[in-house]
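Engineer: Following this message is one structure expressed as structure tokens.
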Amino acid sequence: MSAIESVRAARASGRPTGLDFIRNIFEDFFELHGDRRFGDDRAVVAGVARLDGLPVTVIALEKGHTTKEKLERNFGSAHPEGYRKALRQMKLAEKFRRPVVCFVDTAGAYCGIGAEERGQGQAIAEILMECMGLETPVISVLIGEGGSGGALALAVADEVWMLQNAVYSVISPEGCASILWKDASRTAEAAECLKLTAGDLLALGVVERVLPETGEDFAPLYALLKRDLAETLRALGAADARALAALRYERFRKFGVVKA
Amino acid sequence: MLGKGIFKKPKNTLEASPFEATAKKPGASGEVCVKCPACRTALFLGDLAANGRICPRCGAYFRMGARERLDSVCDADSFEELFSGVVSGDPLRFPDYENKLAQARARSGEPEAVVCGTARLGGVPMAIFAMEPEFMLGSMGAALGEKVTLLFEQATLNRLPVVGFTVSGGARMQEGILSLMQMAKTSGAVRRHGDAGLLYICVLTDPTTGGVTASFAMQGDITLAEPGALVGFAGPRVIEQTMRQKLPERFQRAEFLLEKGFVDAIVGRREMKQTLSLLLRLHGGEAAV
């Protein structure tokens, strides 16, 4: 599959969303709303659940399926209060020594007047900094679109996994083509150049694992995730929480090819 | 260049800021004069530089290069540069990137879009970084992220406060996902410096946007901003396209951020050094002997 085909697959409207993953992998999910500061951003779903018996915190960026849902969820683009809600749940997870699982699927953090007024940049900066020191295991799974800082905000994790047809990029290929070449018709070329496919990102060390997809049947993937998330979180949970945060820093510290 | 360009439809709102950088030395590219975009007065570049890149007639701020910035706040002869050998590669072999880097180096006279080091300010030792607007508008790639990270790590080790000046159009898209990873990397370094009980003061200058705003620019213990500086996550043009409406007049300017609670104070260029000196001393900074 070419890079632009992956982009299309990642955005396809029939693709399962964050809530589908939550419903098919966890038991006893109980949603917890609101950031306690401004409101409840429906683009972010967060709560507590059980994974193979293990209590966990689950956070997902949710795009919705129907037009009504998509509007309610703002097409999966979170406002600052969405990131503050996610951070609140992460801090609770740390307090109660629960591991965190994040599902990432967003075109990006929302760009709008309200988002700027309420500090979109500050909200993302804060969650990045807090996640870097969070003393509990975190695994993020990129399930569809991974759009820039709005996706990274939920992907500062001990391990980042990615679905075979998901994409993860600093900018959309459309944005890249129009800014760099002032030519939207070169989107496919931009998608290639950006190295945004699961295979590219595995080679760059940005993700630890690529999870195979089997067409439109996601049942095998849900089963695989259920088993492997539980196993990996149990292993990570056995490590010292402070040492884990130090390893997470080293995980991100290594990125950057620079000439000496 | 400024005078003519101002009537053209801007390609990019950030590039089209009326207070475009004029870091070039007078005469470096044949220009000796510039017209103040605010009051239309013709100014000699030499006079403008001598006046801290502030229009002597109307007080408008022009962008300031990294070296000038460091000179304007560090004690004389106290700045010692660090990590100047860390420069951008082309990790994704992105079309035309090597060329753009070469142009940026020629234009700015800097190897990378941030200058880092240690210095004294009012006698107090500190680590300091200043971003360079003439180098791809301070965009963040792996080398920039690495230099900022190294500076915070060294400051943590040597128990120094960090003072930073930001100016950035955001992530450097030619480095793709590796540029995005710098947001997490720098955030981790700032976090560790903070966990060690050390002070970080960040000064936001025009413009600071995108991935830099969403990482180390907004992670200071104290956040200052220059008057009128544009600071945001999304650039104003992106927001106008998304919202399909004109933005309010002073939207995303420093004064707007102060009102919304995202900066601690707006500090003019002439008061910057004494303000930083006061804040360093109020946080236990003592003049080195």
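Any read-out appearing in this document is the output of simple, stated calculations on the displayed coordinates, not a laboratory observation. Keep in mind it's a predicted model, so treat the numbers as computed, not measured. Cβ atoms come from the backbone with ideal geometry, glycine included; neighbour counts cover every protein chain shown.
Engineer: State the Cα centre-to-centre distance between region B:107-153 and region A:130-169 in whole Å.
Structural biologist: That distance is 28 Å.
Engineer: Where Lys and Arg each count +1 and Asp and Glu each count -1, what net charge lies around A:R36 among other residues with Cβ under 13 Å from its Cβ?
Structural biologist: Net charge in that neighbourhood comes out at +1.
Engineer: A further question on this structure: Anything in chain A that counts as a DSSP H helix reaching 20 Å or more along its axis (C-alpha) with Kyte-Doolittle mean of at least 0.0? List them, would you?
Structural biologist: Once both thresholds are applied, what remains is A:120-133, A:219-237.
Engineer: I'd like the projected area of the protein assembly as shown, averaged over all directions, using the convex hull of its alpha carbons. Report it in nm² with one decimal.
Structural biologist: It is 24.3 nm².
Engineer: Here is a follow-up. Treat each spin label as a single point 7 Å out from the Cα along the C-beta direction, and report the A:L32 to A:E208 distance in nm.
Structural biologist: It is 2.3 nm.
Engineer: In addition: For A:S185 and A:S13, what is the calculated FRET efficiency with R₀ set at 35 Å and r taken between the beta-carbons, to the nearest 0.05?
Structural biologist: Efficiency for this residue pair is about 0.90.
Engineer: Kindly list the residues of region A:129-164 that lie in the label zone of A:D52, defined by a backbone N under 18 Å from the point 7 Å along the Cα-to-C-beta vector.
Structural biologist: Label zone hits: A:137-141, A:158-162.
Engineer: Given H placed 1.01 Å from N in the peptide plane, which residues other than close sequence neighbours of B:G109 have an amide H under 5 Å from its amide H?
Structural biologist: Sorted by chain and number, the residues that satisfy this come to none at all.
Engineer: Using Cβ counts within 10 Å as a stand-in for footprinting exposure, how do B:F44, B:F262 rank, fewest first?
Structural biologist: Arranged by neighbour count, lowest to highest, B:F44, B:F262 become B:F44, B:F262.
Engineer: Quick one: if you stick a label point 7 Å off each Cα along the C-beta vector at A:N24 and B:F44, how many nm between them?
Structural biologist: My value for the distance between the label points is 7.3 nm.
Engineer: With both bridge residues required to lie in the protein assembly as shown, what share of the DSSP beta bridges run antiparallel, to the nearest 5%?
Structural biologist: Once the DSSP bridges in the protein assembly as shown are tallied, antiparallel ones form about 45 percent.
Engineer: Hey, rough spin-label estimate for B:A265 and B:E153, points 7 angstrom out along Cα→Cβ, what's it come to in nanometres?
Structural biologist: 3.4
Engineer: Based on the alpha carbon coordinates of region B:64-282, what radius of gyration and maximum Cα-Cα distance (Dmax) apply, in Å?
Structural biologist: Final numbers for Rg and Dmax: 16.7, 51 Å.
Engineer: State log₁₀ I(q)/I(0) for region A:3-248 at q = 0.10 Å⁻¹ as given by the Debye formula over alpha-carbon point scatterers of equal weight, solvent excluded.
Structural biologist: Here the Debye-derived log intensity ratios amount to -0.44.
Engineer: Shape of region A:1-64 from its Cα gyration tensor (a ≥ b ≥ c, root eigenvalues): rounded if a/c is under 1.5, otherwise prolate when a/b > b/c, or oblate?
Structural biologist: Oblate is the answer for region A:1-64, as a/c is 1.5 or above yet b/c matches or exceeds a/b.
Engineer: Follow-up question, since we're still on this one. From the helices alone, meaning DSSP H stretches of at least four residues, give me the mean residue ellipticity at 222 nm for the protein assembly as shown, per-run term -39500 (n - 2.57), in deg cm²/dmol to the nearest 500.
Structural biologist: Roughly -11500 deg cm²/dmol at 222 nm, from the helical runs in the protein assembly as shown.
Engineer: To the nearest 0.05, what FRET efficiency results for B:A106 and B:K35 with a Förster distance of 30 Å applied to their C-beta separation?
Structural biologist: About 0.75, to the nearest 0.05.
Engineer: Something else about it: Let me know the shape class of region B:199-289, please: from the alpha-carbon gyration tensor, a ≥ b ≥ c as square roots of the eigenvalues, rounded when a/c is under 1.5, otherwise prolate if a/b is greater than b/c, or oblate.
Structural biologist: Prolate, since a/c reaches 1.5 and a/b exceeds b/c.
Engineer: Which Cys residues of chain B have no other Cys Cβ less than 4.7 Å away and so no disulfide-compatible partner by this rule?
Structural biologist: B:C33, B:C74, B:C116, B:C202
Engineer: Let me ask you something else. For each of B:V87, A:V100, count neighbouring Cβ atoms within 10 Å of the residue's Cβ, then give the residues from fewest to most.
Structural biologist: Fewest-to-most Cβ neighbours within 10 Å comes out as B:V87, A:V100.
Engineer: Expected output is a single nm value to one decimal: the length gained when fully extending between A:A223 and A:A235, i.e. 0.36 nm times separation in residues minus the C-alpha distance. What is it?
Structural biologist: Full extension from A:A223 to A:A235 adds 2.5 nm.
Engineer: Given Cα pairs under 8 Å that are at least 6 residues apart, what percent is the relative contact order of region B:64-282?
Structural biologist: After rounding, I find 17 percent.
Engineer: Rounded to the nearest 5, what is the percent of antiparallel bridges among the DSSP beta bridges in chain A?
Structural biologist: The antiparallel proportion sits near 40 percent.
Engineer: Let me ask you something else. What trypsin sites (Lys or Arg not before Pro) does region B:68-143 have in DSSP loop regions with at most 12 other beta carbons within 10 Å?
Structural biologist: B:R93
Engineer: Continuing with the same structure: Provide, for chain A, the number of lysine pairs with alpha carbons under 30 Å apart, each pair being eight or more places apart or on different chains.
Structural biologist: Step by step, the pairs that qualify in chain A add up to 25.
Engineer: Mind sorting B:L198, B:L278 by how few other Cβ atoms lie within 10 Å of their own Cβ, fewest first?
Structural biologist: B:L278, B:L198
Engineer: For region B:135-236, which trypsin sites (Lys or Arg not before Pro) pass both filters: DSSP loop (anything but H, G, I, E, B) and at most 14 other C-beta atoms within 10 Å?
Structural biologist: Passing sites in region B:135-236 are B:R159.
Engineer: In addition: Loop only by DSSP, 13 or fewer other Cβ within 10 Å of the Cβ. Give me the trypsin sites (Lys or Arg not before Pro) in region A:56-154 that pass, ordered by residue number.
Structural biologist: Hits after loop and neighbour filter: A:R97.
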